[in-house]
Amino acid sequence: MEINNNNPNNISSRTDRKLIERKRRNHMKALYSDLNSLVPHNNSRESISLPDQLGEAADYIKRLQTNLERMKQRKDSLISGGQSMNIASSSTGFSPKVPQIQIHEMGSSLVIGLTTDTHSRFIFNDTIRILHEEGADIVNASFSVVGNTAFHTIHVTVGELTPDYQGIAVTRIAERLNKFIYDAHA
């Protein structure tokens, strides 16, 4: 039995296979290029062979997985560390630092000193929120951490108000902040 290579069906199917193979190769080349663009490179100007590029990508993925596992473990230890600190503080009698606030009035400006422990991060955010709700303009906010204590300093202007209303606004802000700090500790 003789195969006729000149059969139009054979030529068409061969052309189709070649076209399909060319599309597959181009698609794979595009995928390799995308993969290669995602992997950080050392600044070598020489071109790297495809197997070496794939090896670098595999190594990079393994490093990312290792880093992810390490970060998950660190997160878990930080979360459990915070819980164990709360358990330890209740069993040993050690309690977190009581938040304190000092408010100093200087004309239309206020300087607010806030002292908290480093585990009470929400107190600073809520203090800023209260100041915004009261219409105060925050000029500067800074903090420093010493040991387990965070010291926050917030400079605020109450605005262009009449002196009578300014005193009322300052008093209202001070009352709200003191109440908030008291409630946060209770």
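Residue check: is VAL98 surrounded by 12 or more Cβ atoms within 10 Å (Cβ to Cβ), hydrophobic (A, V, I, L, M, F, W, C), in a strand (DSSP E or B) and on the phi < 0 side of the Ramachandran plot?
When the stated conditions are applied, VAL98 does not pass them.
Can you run down the residue pairs with Cβ atoms below 6 Å, 6 or more apart or on separate chains, where the first is in the range 53-77 and under 24 Å from ALA30 (Cα atoms) and the partner is modelled with pLDDT under 90?
GLN53/ASN36; GLU56/VAL39; ALA57/LEU35; ALA57/VAL39; TYR60/VAL39
Any idea which of ASN26, ASN86, ASN36, ASN42 is farther than 30 Å from SER120 by Cα and at pLDDT below 80?
Of ASN26, ASN86, ASN36, ASN42, the one residue that is farther than 30 Å from SER120 by Cα and at pLDDT below 80 is ASN42.
Of the residues LYS75, LYS62, only one is at pLDDT 90 or above and either surrounded by 10 or more Cβ atoms within 10 Å (Cβ to Cβ) or closer than 30 Å to LYS97 by Cα (or both); which?
Exactly one of LYS75, LYS62 is at pLDDT 90 or above and either surrounded by 10 or more Cβ atoms within 10 Å (Cβ to Cβ) or closer than 30 Å to LYS97 by Cα (or both), namely LYS62.
Quick one: count up the residues across the range 109-137 that are farther than 18 Å from ILE181 by Cα and loosely packed, with under 15 Cβ neighbours inside 10 Å.
2
Across the range 19-52, what is the total count of residues that are assigned to a helix (DSSP H, G or I), without any contact (Cβ under 8 Å) to a residue 12 or more places away in the chain and surrounded by 10 or more Cβ atoms within 10 Å (Cβ to Cβ)?
Qualifying residue count for the region: 15.
The values are calculated or read from the model by the stated rules, or taken from the named source; none is laboratory data. Since the model is a prediction, treat every value here as computed from it, not as a measurement. Ideal geometry is used to build each Cβ from the backbone, glycine not excepted, and the neighbour counts take in all protein chains shown.
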